[in-house]
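Chemist: Got a structure for you, written out below as structure tokens; questions coming shortly.
Please treat every number below as a calculation from the coordinates, not as lab data. The structure presented is a predicted model; accordingly, all values stated were derived computationally and were not measured. Because the Cβ atoms are built from the backbone with ideal geometry, glycine has one as well, and the counts that use them run over all protein chains shown.
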Amino acid sequence: GIQVEQSPPDLILQEGANSTLRCNFSDSVNNLQWFHQNPWGQLINLFYIPSGTKQNGRLSATTVATERYSLLYISSSQTTDSGVYFCAAGPNDYKLSFGAGTTVTVRA
Amino acid sequence: GAVVSQHPSRVICKSGTSVKIECRSLDFQATTMFWYRQFPKQSLMLMATSNEGSKATYEQGVEKDKFLINHASLTLSTLTVTSAHPEDSSFYICSARGGGSTEAFFGQGTRLTVV
């Protein structure tokens, strides 16, 4: 299956700071999604972005499919942004492979 | 976005008993459902893929006789952990896709503790 690597594994931010999370994937994909896992374990869909750029409030994402990477941008971070961010990618059979996640801690 | 509901959210069972977890797509028809397992501080690992009316396809290393998956309708898939043992304790999460989209939506997860 597709290999998905996320970096950095951990990120500590001061409230108000901006950050970039990276996701590299090993093969062509037709599905790439970013999730935020809340403290209760629920995966919150952030972006469905197999290619291109999208923005939703303070979050935005860019996927460069030809170079096999995706970036998640968090601007003006808030303490509620804390948690684990997962990138998941899938080829033509639609099975998603997850990266190891980036644990974000935003300090007040 | 689409809504996927998973039940129960938390279950404690005795070793040797079986536990059933339900995953429902509430506002769309899920042609394909997926079951994942997540250990503490780790990522999600795909266990199996199920298509409505077909037998599930299990990932390598997943015991199909221990983790029984049924996808009898376009809105419901169930995972039954048979003869559960403490090492089966984990967080189980389902996801579903359908309606011609490749985007996956996830249930709330089920935390299983086997004592």
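Chemist: Assuming R0 = 30 Å, can you tell me the calculated FRET efficiency for the pair A:Thr66 and A:Ile44, based on Cβ-Cβ distance, to the nearest 0.05? Could the numbers behind the result be given before it?
Modeler: On the way: r = 28 Å, r/R0 = 0.94.
For A:Thr66 and A:Ile44, the calculated efficiency is 0.60.
Chemist: Oh, and also: Given Cβ point charges of +1 (Lys, Arg) and -1 (Asp, Glu) and nothing else, what value in debye, to the nearest 20, does the dipole of region B:1-52 about its Cα centre take?
Modeler: 340 debye
Chemist: Something else now. What's the magnitude of the charge dipole for the protein assembly as shown around its Cα centre, counting Lys and Arg as +1 and Asp and Glu as -1 at the beta-carbon? Answer in Debye, nearest 20.
Modeler: Roughly 320 debye for the protein assembly as shown.
Chemist: Taking R0 as 30 Å, what's the FRET efficiency between B:Ser54 and B:Ser101 from their Cβ-Cβ distance, rounded to 0.05? List each step's numbers first, then the result.
Modeler: On the way: r = 20 Å, r/R0 = 0.66.
Between B:Ser54 and B:Ser101 the formula returns 0.95.
Chemist: Using a basic spin-label model with each label point 7 Å from the Cα along Cα→Cβ, how many nm lie between A:Arg107 and B:Lys20?
Modeler: With each label placed 7 Å out from Cα toward Cβ, I get 5.0 nm.
Chemist: As a test, work out the antiparallel percent of DSSP beta bridges whose residues both lie in the protein assembly as shown, rounded to the nearest 5.
Modeler: That works out to approximately 90 percent antiparallel.
Chemist: Going by a 4.7 Å Cβ-Cβ cut-off, which cysteines of chain B have no partner at all?
Modeler: Lone cysteines by the Cβ rule: B:Cys13.
Chemist: Which whole-percent values make up P(r) of the protein assembly as shown when all C-alpha to C-alpha distances are grouped in 10 Å steps starting at zero?
Modeler: Using 10 Å bins, I get a P(r) of 8, 33, 35, 19, 5, 0 for the protein assembly as shown.
Chemist: Just how many pairs of Lys in the protein assembly as shown have C-alpha atoms closer than 30 Å, counting pairs that are eight or more places apart or on different chains?
Modeler: So the count works out to 19.
Chemist: For region B:15-72, just the Cα atoms, rotate onto the principal axes and tell me the three extents in Å, largest first.
Modeler: The Cα atoms of region B:15-72 stretch 32, 26, 22 Å along the principal axes, largest first.
Chemist: Here's something else I'd like to know. Which loop-located GluC sites (Glu not before Pro) does region B:13-81 contain, where loop means any DSSP state but H, G, I, E or B and the Cβ has at most 11 other Cβ atoms within 10 Å? Working shown, then result.
Modeler: Numbers: sites: B:Glu22, B:Glu52, B:Glu59, B:Glu63; in loops: B:Glu52, B:Glu59, B:Glu63.
Here the GluC sites (Glu not before Pro) that fit, given the DSSP loop and packing criteria, are B:Glu63.
Chemist: Now, a different point. How big is the charge dipole of chain A about its Cα centre, in debye rounded to the nearest 20, if each Lys and Arg gets +1 on its Cβ and each Asp and Glu gets -1 on its Cβ?
Modeler: Approximately 160 debye in magnitude.
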